[in-house]
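Asks: Dropping the structure in here first, questions after.
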Amino acid sequence: MKFETRAIHDGQKPDPLTGAVIVPVYQTSTFQQDAIGKHKGYEYSRTGNPTRKALEDVLASLEGGKYGLAFASGVAAETAVFSILKPGSHIVVGDDIYGGTYRLLERVLSIHHGFKITYVNVDDINSFEKAIGKETKLIWIETPTNPLLKIIDLKNLSEIAKKANVLLAVDNTFASPYFQRPLELGADIVVHSTTKYLSGHSDVIDYYNKEVSLKIGERSLSKSVL
């Protein structure tokens, strides 16, 4: 299906009881179970909810991934990504990033979890390769960047990351999956601030994350979006 068709239909299934074609907003906190540990797909809205799953499925589809996770805020989603790394890990970060991400890295991860952060010039693709060391586990970039709208060669950078066996995470907020799909260019993780272009009306705080071949808790995130 074309992008426009998937944007409308993916994640949506007519309700078998009413025939409604749009997923309603499920406000329930808990779901009925047949027995202890035996549920129909959902047990508690913190871990899964039909409304949230519709959003996760359609955005995963638009990015060309398999799974996705929606979060209440950007910092929550980014923290989930960084939590797959061990304390003390080294991260290479583009030097033009969203201020909230910078504060998370410097005021929380660096101080309280011992993460080592190296910021590199996004205008020089070779600076990423030079910054990678034995302890490097992740490259984190935005493209276009926020706020300076710089563009990074994702295909080239993904090859650098794979050569070093390092994960590549891309914040795709400013491009959206309509114009750019990082997974198709070799990225491992894609994140979106849906507050911006995916919603775009200054009335939503949300974040979406997509990852490849990772596992957080009991949920496999092979080719997924956050």
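Asks: Out of segment 73-88, which residues are touching a strand residue (DSSP E or B) at 6+ places or on another chain (Cβ under 8 Å) and in a loop (DSSP other than H, G, I, E, B)?
Replies: Answer for segment 73-88, where residues must be touching a strand residue (DSSP E or B) at 6+ places or on another chain (Cβ under 8 Å) and in a loop (DSSP other than H, G, I, E, B): Ser73, Ser83, Ile84, Leu85, Lys86, Gly88.
Asks: Going residue by residue through segment 191-199, is there one that turns out to be part of a strand (DSSP E or B), of a type in the set (A, V, I, L, M), touching a Phe, Trp or Tyr at 6+ places or on another chain (Cβ under 8 Å) and within 16 Å of Gly64 (Cα to Cα)?
Replies: There is at least one residue in segment 191-199 that is part of a strand (DSSP E or B), of a type in the set (A, V, I, L, M), touching a Phe, Trp or Tyr at 6+ places or on another chain (Cβ under 8 Å) and within 16 Å of Gly64 (Cα to Cα).
Asks: Mind listing whichever residues of segment 90-101 are more than 11 Å from Asn146 (Cα to Cα) and under 18 Å from the mean Cα position of the chain (by Cα)?
Replies: Across segment 90-101, the qualifying residues are Ile91, Val92, Val93.
Asks: Please determine whether any residue of segment 33-44 is within 13 Å of Leu55 (Cα to Cα) and either under 23 Å from the mean Cα position of the chain (by Cα) or in a strand (DSSP E or B) (or both).
Replies: Looking through segment 33-44, none of the residues is within 13 Å of Leu55 (Cα to Cα) and either under 23 Å from the mean Cα position of the chain (by Cα) or in a strand (DSSP E or B) (or both).
Asks: Limited to segment 135-150, what total is found for residues that are over 26 Å from Gly114 (Cα atoms) and surrounded by fewer than 18 Cβ atoms within 10 Å (Cβ to Cβ)?
Replies: Qualifying residue count for the region: 4.
Asks: Identify the residue in segment 152-171 that is among the aliphatic types (A, V, I, L, M) and more than 19 Å from the chain's Cα centre (by Cα) and, among all such residues, is nearest to Asp96 (Cα to Cα).
Replies: Filtering segment 152-171 for residues that are among the aliphatic types (A, V, I, L, M) and more than 19 Å from the chain's Cα centre (by Cα), the one nearest to Asp96 (Cα to Cα) comes out as Ile160.
Asks: Another question, then. Among Ala70, Ala60, which is the only one that is in a strand (DSSP E or B) and under 13 Å from the mean Cα position of the chain (by Cα)?
Replies: Values: Ala60 fails: in a strand (DSSP E or B).
Checking each option against the conditions leaves just Ala70.
Asks: In addition: Before we move on, is Glu78 exposed (fewer than 12 other Cβ atoms within 10 Å of the Cβ), closer than 26 Å to Phe179 by Cα and out of contact with any Pro (no Cβ under 7 Å at 6 or more places or on another chain)?
Replies: So Glu78 fails the test.
Asks: Separate question: Given the conditions (1) part of a loop (DSSP other than H, G, I, E, B); (2) among the β-branched types (Val, Ile, Thr); (3) surrounded by 10 or more Cβ atoms within 10 Å (Cβ to Cβ), which single one is not true for Val25?
Replies: (3)
Read the figures in this text as sums done on the coordinates, not as results from a lab. Bear in mind that the values here come from a model prediction, so they are computed numbers and not experimental data. Cβ: placed from backbone, ideal geometry, glycine included. Neighbour counts: every protein chain shown.
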